[in-house]
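Heads up, the thing below is written out as structure tokens.
What follows is calculated from the coordinates using simple rules that are stated; it is not laboratory data. This one's a predicted model, so the numbers in the text were calculated from it and none came from an experiment. Positions of Cβ are backbone-derived with ideal geometry, glycine not excepted, and every protein chain shown enters the neighbour counts.
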């Protein structure tokens, strides 16, 4: 319940307070409407250029929402500030960027309390805002299971299931290493597993077969971004090639915001790992964790022994 009052000409209430930044007035108006529809209050709205000083002038704020249209030093400073606030246990943020800025944003704001969106639908934007505005003092979790939307809860449960399946397929004897353990180097272009040889061409053929379905059926009928990502990363591993976040979003064959959420969940589960680009601090690569890669290899070998590579 929201209470309100007035003291010395200042209106106050207990609605969640939001700072809002976007360059175009029309975008600020749209974001304000979305925030207010959730029962929150926009305490200030400004351009990206003015964002950092406005943010620094605030003693406290419950959440920050920013939408960028192009790269700029002001945006770089804002993203760094939002990530620092999240690391310090401060306010969460929602950051909306265009596709060509995904890699920069992911590298600059890796903390989970900075939610990254790219060309989001109205539902995706509302879900991200609702998560950022959730009362974090109710429980030890950022968003309780009871308050999570069925769609997001189902997604999290599906990722957990994938992690368990890959672990069971790894075939490791005795105590298994954590999924997040990285390889010190990349494997050769083809690997022998038992009496079978797996190479990147076979994996790429599976990917092409999956895309072929879109010519004959609605694309969303077979949407499976997690599997598409695992296949693409397996092929890249065999090719000794690293994959940027933006490239993996394309491989997922779903809208970029959906792909980013999957990447985050798969990374949180230890199925994927983030690797910094040693030549460019503004970019990170995504790779299969060691045990996930082993599970994929065993799956591919089993499929090959059946004399078919099922897409």
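Side notes on the structure shown:
- Which numbered condition residue 70 misses (of (1) part of a loop (DSSP other than H, G, I, E, B); (2) surrounded by 15 or more Cβ atoms within 10 Å (Cβ to Cβ)): (2)
- Any chance residue 19 is assigned to a helix (DSSP H, G or I) and within 30 Å of residue 283 (Cβ to Cβ): no
Matching residues to (1) more than 29 Å from residue 197 (Cβ to Cβ); (2) crowded, with 21+ Cβ neighbours inside 10 Å; (3) in contact (Cβ under 8 Å) with a residue 24 or more places away in the chain:
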| residue | (1), (2), (3) |
| --- | --- |
| 233 | no, yes, yes |
| 241 | no, no, no |
| 259 | yes, yes, yes |
| 266 | no, yes, yes |
| 288 | no, yes, yes |
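- Qualifying residue in the range 76-89 (condition: farther than 25 Å from residue 248 by Cα and part of a loop (DSSP other than H, G, I, E, B)): yes
- Filtered residues of the range 266-311 (kept if under 20 Å from residue 222 (Cβ atoms) and under 14 Å from the mean Cα position of the chain (by Cα)): 266
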